[in-house]
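Chemist: Take this structure first; my questions come after.
The values are calculated or read from the model by the stated rules, or taken from the named source; none is laboratory data. None of the values given here were measured: they were computed from a predicted structure. Counting neighbours? That spans all protein chains shown, and the Cβs are built from the backbone with ideal geometry, glycine included. Ligands, DNA and RNA are excluded from the accessible area calculation, which covers all protein heavy atoms including side chains. Shrake-Rupley method; radii C 1.70, N 1.55, O 1.52, S 1.80 Å.
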Amino acid sequence: MIRKAIFPRCYIQGEHIIRNFGGIREIEKKRVFVLATQSALKKIIPINLPAWEDICEIKYEEFKGKCTWNEIDRVLALAKANNYDFVMGLGGGKTIDTARVVAHRLGLKYIAAPTIAATDAPTASACVIYDIGGAVVDYFTTNNPDYVLVDTRIIADAPVRFLVSGMGDALATRFEAETCYLSYFKNICGGFNLRAIMAIAHTCYRTLLEYGKTAKISCENHLVSPALEYVIEANTLLSGLGFESGGLSTPHGIHDCLCNLEGTHDFYHGEKVAFGTLAGLFFENRPQSLIDEVYSFCSSVGLPTTLVQIGLADVTDEELKAAIHPVFENRESYLHNVRCELTPERIVEAIRMADSVGREKGYV
Ligand SMILES: [Zn+2]
């Protein structure tokens, strides 16, 4: 039995750490290429550039909004021009993924510096490549980042919906890792789960339950409290290690199905994953006490628990089946990592159960 886990080389989290790159020694006097979102160019770079220029030689470029092969080639050409030592991605998941592929292609060291805690992409080795219309065209695997720099001040100042969505993505971690561990489904890095990762997945879950609500209030008021720090760590590091080395199952599988329905397109990844997690509880016959615990958590932080809350007020069973079909037909999909006999009808049933319980609890 081959058990396997992969990790970033160094994870640094704290308030204002971006100002000196978290104190990374090996960046001193080196050449650094920063790929940044428009918002980071406006709000983060101007106030940090003087301090950065005291540490290293720095050039920056705006990320054009989509992680496509065209965008990767454009940034690659710029980053090739100047013998850089480091590439840093400063932004959300797509900026980070684009910079990650560029660093990998050029054989440079890579720093992931997320400006939101909406997904667990920053710690990962896998990148999702899209076409210009937003459909997934490729998964590309690199190394995990050399450094992950998470500035809690930047996250506290970002819109709270990102943090809540990140909690939705992190919520799935325990359930997906548990399913993969108990049923010997391989994780994303191609091995079976280590007990270390199971401990991480459970800590991720407990952190959300214990500190999620307080962290949300903290972020709404732009305060870097310990609760917010714990949840940022859960959303970014614990969930990141958990999904890549713990595996994915129904929550992300149902997320992929939901993405095929236009009504859900304005909703974030973690919001749809949270609903997929609820549906997964019914596949796996989880006990009532656990179901109540997860619903109550979702409702306390504002994650969706009904179809109305993910833009699917009037969705029919036929429409659900049509959305499930392409994911179900893909035998490689993690939708199939489930401890029961799976049919499209059972998936519809689980989605309807999740919605019915949400409505019954009055979370409309
Ligand atoms: Zn995810």
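Chemist: Would you rank Met167, Met353 by solvent-accessible area, highest first, keeping every protein chain in place and using a 1.4 Å probe? Numbers along the way, then the final one.
Modeler: Numbers: Met167 0, Met353 85 Å².
Putting Met167, Met353 in descending order of accessible area: Met353, Met167.
Chemist: Give the carbon-plus-sulfur fraction of the accessible surface of region 53-138 in %, rounded to a whole number; probe 1.4 Å, heavy atoms of protein chains only. Please report the intermediate quantities before stating the final value.
Modeler: Values: 1610 of 3400 Å².
The computed percentage sits at 47.
Chemist: P(r) for the chain, please, calculated from all Cα pair distances in 10 Å bins and given in %.
Modeler: Once binned at 10 Å, the Cα pair distances of the chain give 6, 25, 34, 24, 9, 2, 0.
Chemist: Heavy-atom accessible area per residue, region 131-264, 1.4 Å probe: how many Å²? Display every interim value, and only then the final one.
Modeler: Details: 4780 Å² over 134 residues.
Here the per-residue accessible area is 36 Å².
Chemist: What residue among Thr95, Thr173, Thr141 shows peak mean-square fluctuation when the chain is described by a Gaussian network model with Cα springs under 10 Å?
Modeler: Looking only at Thr95, Thr173, Thr141, the biggest GNM fluctuation is shown by Thr141.
Chemist: Using a Gaussian network for the chain with springs between C-alpha atoms less than 10 Å apart, which of these wobbles most: Asn337, Asn221, Asn193?
Modeler: Taking springs between Cα atoms under 10 Å, the residue moving most is Asn221.
Chemist: Between Ile24, Ile310, Ile351, where does the largest GNM mean-square fluctuation fall for the chain, given springs only between Cα atoms within less than 10 Å?
Modeler: Looking only at Ile24, Ile310, Ile351, the largest GNM fluctuation is found for Ile24.
Chemist: List the relative contact order of region 176-302 as a percent without decimals, with contacts defined as Cα pairs under 8 Å and 6+ residues apart.
Modeler: Numbers: 139 pairs, mean separation 36.3, N = 127.
Relative contact order, region 176-302: 29 percent.
Chemist: Sticking with this structure for a sec: Taking the Cα atoms of region 58-100, report the difference between the largest and smallest coordinate on each principal axis, in whole Å and largest first.
Modeler: 25, 19, 15
Chemist: For region 279-340, what is the largest minus smallest coordinate of the Cα atoms on each principal axis, given in angstrom and ordered from greatest to least?
Modeler: 35, 29, 17
Chemist: Given that compact globular proteins tend to follow 2.2 N^0.38 Å, what is the ratio of the alpha-carbon Rg of region 10-86 to that value? Each step should come with its number before you reach the end.
Modeler: Working: Rg = 13.1 Å, N = 77, 2.2 N^0.38 = 11.5 Å.
Normalised Rg, Cα atoms only: 1.15.
Chemist: To check my understanding: the extent here is largest minus smallest coordinate of the Cα atoms along each principal axis. What are those three numbers for region 68-127, in Å, largest first?
Modeler: In descending order, the Cα extents are 32, 23, 18 Å.
Chemist: Now for a different question. Using the basic label-point model (7 angstrom from Cα toward the beta carbon), what is the Cys56 to Leu106 distance in nanometres?
Modeler: Spacing of the two 7 Å Cα→Cβ label points: 1.1 nm.
Chemist: Just how far, in whole angstrom, is region 1-70 from region 137-158 if you go by their alpha carbon centroids?
Modeler: About 9 Å separates the Cα centre of region 137-158 from the one of region 1-70.
Chemist: If the reach is capped at under 18 angstrom between alpha carbons, list the lysines near Lys186, excluding any in the same chain fewer than eight residues apart.
Modeler: Cα-Cα hits under 18 Å: Lys4.
Chemist: Calculate how large, on average over all directions, the projected area of the Cα convex hull of region 198-266 is; give the answer in nm² to one decimal. Please list the in-between numbers first.
Modeler: Values: hull surface 22.8 nm².
That works out to 5.7 nm².
Chemist: Roughly speaking, to the nearest percent, how much of region 181-305's 1.4 Å accessible area is carbon and sulfur? It would help to have the intermediate numbers written out before the result.
Modeler: Working: 2390 of 4550 Å².
Answer for region 181-305 is 53 percent, counting heavy atoms of protein chains only.
Chemist: If I stretch the segment between Glu26 and Cys10 completely, what's the gain in nm (0.36 nm per residue apart, minus their alpha carbon distance), one decimal?
Modeler: Values: separation 16, 0.36 × 16 = 5.76 nm, distance 1.24 nm.
Extra length available between Glu26 and Cys10 comes to 4.5 nm.
Chemist: Now, a different point. Pulled fully out, how much extra length does the chain show between Glu210 and Tyr184, if you take 0.36 nm times their separation in residues and subtract their Cα-Cα distance? If you can, show how the numbers build up before the last one.
Modeler: On the way: separation 26, 0.36 × 26 = 9.36 nm, distance 2.94 nm.
Residue separation times 0.36 nm, minus the Cα-Cα distance, leaves 6.4 nm.
Chemist: I would also like to ask the following. Would you calculate the volume per residue, in Å³, of the smallest convex hull containing every Cα atom of region 101-247?
Modeler: On the way: hull volume 17.2 nm³, N = 147.
For region 101-247, the hull spanned by Cα atoms encloses 117 Å³ per residue.
Chemist: Which aspartates and glutamates, on any chain, are close to Lys43 with Cα under 16 Å apart, when same-chain ones fewer than 8 places away are left out?
Modeler: Glu15, Glu61, Glu62, Asp151, Asp157
Chemist: Taking a probe of 1.4 Å, how large is the accessible area per residue of region 1-110, in Å²?
Modeler: Numbers: 5560 Å² over 110 residues.
Counting only protein heavy atoms, the per-residue value for region 1-110 is 51 Å².
Chemist: What full-extension length gain, to one decimal in nm, is calculated for Arg286 and Thr343 as 0.36 nm per residue of separation minus the Cα-Cα distance? Walk me through the numbers on the way to the answer.
Modeler: Details: separation 57, 0.36 × 57 = 20.52 nm, distance 1.89 nm.
Full extension from Arg286 to Thr343 adds 18.6 nm.
Chemist: Okay, moving on. For Arg195 and Val136, what does the FRET efficiency come to when R0 = 45 Å and r is the distance between their Cβ atoms, rounded to the nearest 0.05?
Modeler: 0.90
Chemist: I'd like the per residue volume of the convex hull spanned by the Cα atoms of region 230-349, given in cubic angstrom.
Modeler: Working: hull volume 13.6 nm³, N = 120.
Dividing the Cα hull volume of region 230-349 by its residues yields 113 Å³.
Chemist: How large is the Rg to Rh ratio of region 168-284 when both quantities use alpha carbon positions and Rh follows Kirkwood?
Modeler: Working: Rg = 14.4 Å, Rh = 14.5 Å.
Dividing the radius of gyration by the Kirkwood radius yields 1.00.
Chemist: Ignoring solvent entirely, what values of log10 I(q)/I(0) come out of the Debye formula for region 95-169 at 0.14 Å⁻¹ when each Cα is a single scatterer?
Modeler: -0.49
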